[in-house]
Amino acid sequence: MTRSVTTESRLSRNAHDYIHDTELEKLLGAPSDPHQVRDIVAKSLAKEPLKVEETAALINATDPELVESIFAAARQLKRDVYGNRIVLFAPLYIGNYCINDCEYCGFRRTNLDAVRRTLKPEEVLQQVTALLRRGHKRLIIVFGEHPHYTPQYIADTVRSIYEVKTPNAEIRRVNVNAAPLDHEGFRIVRESGIGTYQIFQETYHHATYSAVHPSSTRKGDYLWRLDALDRAWEAGCDDVGIGALFGLYDWRFEVLALVTHARHMMQKFNCGPHTISFPRLRPASGVAIDPRWLVNDEDFKRLVAILRLSVPYSGMILTARESAAIRRELLGFGVSQIDAGSRIELGGYTEAGDAQQQVREREQFELGDIRSLDNVVRQLLQDGYIPSFCTACYRVGRTGEQFMEYAIPGFIQKFCTPNALTTLQEYLVDHASPETRAAGEQIIQRELDKTPPSAGKEELERRINRIASSDDRDLYY
Ligand code: SAM
Ligand code: SF4
């Protein structure tokens with residue numbers, strides 16, 4: 001797509017295309033030196049971000065022993081550095097009209113089977129109320145790209161969600177996944193109080209990008225999208241999420257490009273992306289999937305572990321596109337956030353009917369894990385994790401919390417774990433099934449037993465008891 005002068009002037013400062021396909025391709029395929037791989041793993045364990053060449057060396061390490069050492073390091077980082085909290089959220093699809101024609105997506109404009117809908121204000125309220133009743137505190141709202149979904153429209157939707165109240169509950173953080181905006185657009189959306197603005201490049205490989213995004217469409221402009229979160233940053237959104245849709249091109253290339261993107265942000269803004277997402281391509285209405293680059297489970301595990309080691313300061317999001325079994329296994333590799341109880345049909349939280357039945361024409365793609373929130377929480381607890389609904393940092397202005405978690409000694413013990421425990425306690429008291437509540441109380445007790453008095457054990461215990469015995473909520477640190 002030729003960019004017009006107007007678009008050019010709307011890019012960020014010094015915007016340029018820094019993804020050089022041939023240079024990244026050249027790094028792939030060289031045999032890895034086992035000593036070098038061990039040094040790189042040690043660097044990750046010391047919490048240092050990796051250079052692109054170092055990530056490539058991990059990707060090129062295919063010897064089973066080396067692969068196992070990479071998995072072990074990812075597990076160790078999770079255990080020793082990030083702790084055992086898993087933050088929970090739910091996606092809320094607001095509208096699926098779309099002017100783009102992305103080959104892989106059920107919402108693309110040429111898919112005439114798609115049932116198109118934009119939730120009316122009262123329907124947004126109904127969905128949010130249903131989510132609150134189940135216990136959610138964090139949402140990501142999702143939009144197609146359409147002139148109707150203006151920045152003001154997105155901002156108004158965010159505000160209306162924050163206004164919904166049920167007894168003891170309100171949504172405390174709304175993240176957004178929507179089209180790239182210009183500076184003014186990002187400013188308008190930021191003022192509504194969003195958390196993270198997510199935009200996935202889908203594929204960083206230029207030829208593939210052009211093949212799956214027709215050049216006649218808005219999304220066909222590679223640089224407009226690559227530069228989007230730089231504009232967001234310049235407009236004051238300092239909390240942004242990047243991602244790639246795995247299965248469009250060689251996963252190894254996409255990992256190198258994601259690391260390049262994260263390093264670019266670090267260099268330009270002195271802060272990397274808050275989150276990295278790595279969705280795998282799923283079947284979707286009207287979509288014929290090209291199987292050439294689909295990522296198998298073993299490679300998927302490798303890519304998640306390698307991303308964890310390469311970009312230690314970013315949160316890692318694993319969505320319900322994946323099956324319950326894969327999610328369970330990958331949690332141990334440093335994943336920090338998952339969605340749960342998700343429905344992605346428009347209106348799905350009140351209209352889905354049989355929980356096991358997905359309606360393909362109503363959703364963007366099929367989900368792999370549609371267990372209820374209560375089920376997911378219980379499984380996490382049984383596996384020893386602390387399910388967390390914490391939203392504290394963003395609300396007290398501690399932005400870049402993910403960065404602080406890993407960089408500031410004691411940060412997790414001082415803020416993250418107590419906030420995870422108090423929000424878990426809210427969930428247990430207000431929403432959990434008796435079985436989940438029993439499992440949760442055990443985990444809370446286990447964590448309290450581990451907390452030394454010098455780390456505020458007494459105060460934490462007091463807050464946890466207060467939640468159980470009164471209507472006091474939101475007692476965050
Ligand atoms: N329309 C906005 C955009 O394209 O940026 C919002 C994003 S879309 C509603 C959310 C994400 O879903 C996309 O960025 C893409 O990565 C992912 N997605 C699209 N089709 C998919 C499929 N068939 N399987 C898995 N993920 C898919
Ligand atoms: Fe539209 Fe986004 Fe789907 Fe592309 S991925 S067709 S832009 S909703």
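Label segment 406-469 by shape, choosing from rounded, prolate and oblate, from the square roots a ≥ b ≥ c of the eigenvalues of the Cα gyration tensor; if a/c is under 1.5 it is rounded, and otherwise prolate applies when a/b is larger than b/c, oblate when it is not. Walk me through the numbers before you get to the answer.
Details: a/c = 2.09, a/b = 1.77, b/c = 1.18.
It is prolate, given that a/c is not under 1.5 and a/b is the larger ratio.
Divide by every residue of the chain the summed helix terms, -39500 (n - 2.57) for each DSSP H run of at least 4, and state the resulting mean residue ellipticity at 222 nm, rounded to the nearest 500 deg cm²/dmol.
Values: 21 runs with 211 residues, N = 477.
Calculated at 222 nm, the ellipticity per residue is -13000 deg cm²/dmol.
Run through the DSSP bridge list for the chain and note the antiparallel percent, rounded to the nearest 5.
Numbers: 3 of 33 bridges.
Looking only at bridges with both residues in the chain, the antiparallel portion is about 10 percent.
Once the principal axes of the Cα atoms of the chain are found, what is the range along each, listed largest first in whole angstroms?
63, 58, 41
Which three extents, in whole angstrom, do the alpha-carbon atoms of segment 171-257 cover along their principal axes, largest first?
Here the spans come out as 37, 26, 21 Å, largest first.
Hey, can you find the accessible area per residue of the chain for me, probe 1.4 Å, expressed in square angstrom? Don't jump to the answer; show the numbers that get you there.
Values: 18700 Å² over 477 residues.
Result: 39 Å² per residue.
What whole-number distance in Å separates the alpha-carbon centres of segment 435-450 and segment 280-301?
38 Å
Taking 4 °C and 1.567 mPa s as the conditions, I'd like the Stokes-Einstein D for segment 248-346 in µm²/s, using the Kirkwood hydrodynamic radius from alpha carbon pairs.
Numbers: Rh = 14.7 Å.
In µm²/s, the coefficient rounds to 88.
How far, in nm, would the chain grow between residue 372 and residue 324 when pulled straight, counting 0.36 nm per residue and subtracting the alpha carbon separation? Before the final figure, lay out the partial values.
Values: separation 48, 0.36 × 48 = 17.28 nm, distance 1.13 nm.
Between residue 372 and residue 324, full extension yields an extra 16.2 nm.
Among 431-444, 78-91, 301-314, how do they line up from the highest to the lowest mean number of other beta-carbon atoms within 10 Å? Mind showing how you got there, number by number?
On the way: 431-444: 17.6, 78-91: 19.9, 301-314: 24.1.
In descending order of packing, they fall as 301-314, 78-91, 431-444.
Please report the carbon-and-sulfur percent of the accessible area for the chain; probe 1.4 Å, protein heavy atoms only, DNA, RNA and ligands left out. Provide the component values of the computation, followed by the final result.
Values: 9380 of 18700 Å².
Percent of accessible area from carbon and sulfur atoms in the chain: 50.
Counting only C-alpha contacts under 8 Å and six or more residues apart, can you give the relative contact order of segment 126-261 as a whole percent? Can you show the working numbers first?
Numbers: 199 pairs, mean separation 32.3, N = 136.
Normalised by residue count, the contact order of segment 126-261 is 24 percent.
Lone cysteines in the chain, going by a 4.7 Å Cβ-Cβ cut-off?
Here 98, 237, 271, 390, 393, 416 come out as lacking a disulfide-compatible partner, given the Cβ-Cβ threshold of under 4.7 Å.
Counting Lys and Arg as +1 and Asp and Glu as -1, each charge on the Cβ, what is the dipole of the chain about the Cα centre in debye, to the nearest 20? Don't skip to the answer; put the middle values down first.
On the way: 59 positive and 65 negative charges, 156 e Å.
For this selection, approximately 760 debye.
The values are calculated or read from the model by the stated rules, or taken from the named source; none is laboratory data. Because the structure is a prediction, the values reported are computed rather than measured. Cβ sites come from the backbone with ideal geometry, for glycine too, and all protein chains shown count toward neighbours. Areas reflect the complete protein model, heavy atoms only, side chains present, ligands, DNA and RNA absent. Shrake-Rupley method; radii C 1.70, N 1.55, O 1.52, S 1.80 Å.
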